1. Quick check: the angle from helix 241-272's long axis to the longest principal axis of the chain, C-alpha only, nearest 10 degrees?
2. How far is helix 42-56 tilted, in degrees, relative to the longest principal axis of the Cα atoms in the chain, given as a value from 0 to 90 rounded to the nearest 10?
3. Based on a Kirkwood Rh over C-alpha pairs, give the Stokes-Einstein translational diffusion coefficient of the range 5-86 at 25 °C and viscosity 0.890 mPa s in µm²/s.
4. With point charges of +1 on the Cβ of Lys and Arg and -1 on the Cβ of Asp and Glu, referenced to the Cα centre of the chain, which listed residue (TRP71, VAL61, ALA95) lies farthest in the positive direction of the dipole?
5. Could you give the size of the charge dipole of the chain about its Cα centre, using +1 on the Cβ of each K and R and -1 on the Cβ of each D and E, expressed in debye and rounded to the nearest 20?
6. Under the classification rounded if a/c is under 1.5, otherwise prolate if a/b is larger than b/c and oblate if not, where does the range 87-197 fall, given a ≥ b ≥ c as square roots of the Cα gyration tensor eigenvalues?
7. Cα axis of helix 275-295 to longest principal axis of the chain: angle in degrees, 0 to 90, nearest 10?
8. For the chain, what is Rg from Cα atoms divided by 2.2 N^0.38 Å, rounded to two decimals?
Amino acid sequence: MSDYLMSVLLGIVEGLTEFLPVSSTAHLRISEALLHIDLANGYWKMYTIVIQLGAILCLPVYFRERIAKLWSTFPKGARGDRTVLTHPLGLVCVAFVVTALPAFLLTKVIGKHLESLYIMGASLLIGGLVMWIVDEFNSESEAAGLGATGTRIHTWHMEDMSLGQAIWIGACQIMSALFPGTSRSMSTIAAGQLAGMSRASALEFSFFLSIPTMVVATCYDLLKSLRGKGANAIGVTHIDAHGWVVLAIGFVVSFIVAYGAVAWFLGWVRKHGFAPFAVYRIIVGAAVVFWAVKRGF
């Protein structure tokens with residue numbers, strides 16, 4: 001298979017899975033294993049980071065009007081009842097800080113888990129079960145809708161979130177950094193639902209939180225990749241024209257596919273919930289664990 005076609009395929013995988021609660025890291029790792037890509041190779045490590053950045057950058061483009069509206073109401077909010085910390089943009093920053101500091105301190109632990117298909121398979125499986133249980137737990141309240149009394153859900157819009165909810169979601173997101181396959185999206189959505197948020201509000205906050213979280217994380221990883229030492233280190237001067245084209249293809253494809261995936265996912269969740277994704281995670285997670293055991297990964 002040519003490097004160009006491989007880049008298209010990996011860009012599609014990244015774009016489809018970055019924001020769905022199925023773990024893009026696990027899917028990329030599985031795809032790279034199936035395509036016999038050498039993960040120890042510095043170029044392909046950097047390639048993975050670049051296409052992740054392409055997918056992530058679709059969010060500020062897709063939500064540009066929403067972001068502009070929120071920024072125009074900062075810090076008091078549209079109703080005038082918010083502060084710097086409790087405005088939606090402030091809550092995103094709070095959740096990001098809660099996640100970023102422990103995740104940075106635990107980078108050595110994270111690194112040990114990134115290559116393990118056992119960890120990824122188990123995380124997919126367990127995360128799927130958690131997601132299914134949480135979503136079913138809230139399904140009756142979702143069906144009752146906004147305005148119903150006596151339901152678990154009390155936060156239907158991101159503008160109504162509390163500081164405690166943001167801290168809780170940020171703390172739960174650490175699990176996705178420690179155990180690839182957990183899925184950052186899954187952990188934030190399930191955490192939000194447990195904290196009394198609707199599917200739509202939890203999903204929207206997950207998208208907004210992923211912007212600073214993933215931009216900082218991927219840029220940090222990219223910098224390490226470019227400035228690393230040893231035989232597998234990559235520097236921009238060492239990439240030939242062919243390598244740049246492969247990177248560009250993956251970046252553009254992941255951006256376009258992720259944009260479409262975000263638009264579709266928002267519409268799907270409002271009508272159907274997360275149960276199908278939970279079932280998919282359970283099936284794929286069990287298959288990956290079986291495969292890893294059989295192949296001795």
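Only the coordinates and a few stated rules stand behind these numbers; no lab work does. Remember, it's a predicted structure, so these values are computed and weren't measured experimentally. No Cβ is skipped: glycine too gets one built from the backbone with ideal geometry, and neighbour counts run over all protein chains shown.
1. So the inclination is approximately 30 degrees.
2. Rounded to the nearest ten degrees, it is 30.
3. Working: Rh = 15.1 Å.
For these conditions, the coefficient is 163 µm²/s.
4. Projecting each Cα onto the dipole axis, the largest value belongs to ALA95.
5. Result for the chain is approximately 380 debye, rounded to the nearest 20.
6. Note, shape of the range 87-197 comes out oblate.
7. Orientation of helix 275-295: about 30 degrees from the principal axis.
8. 1.01
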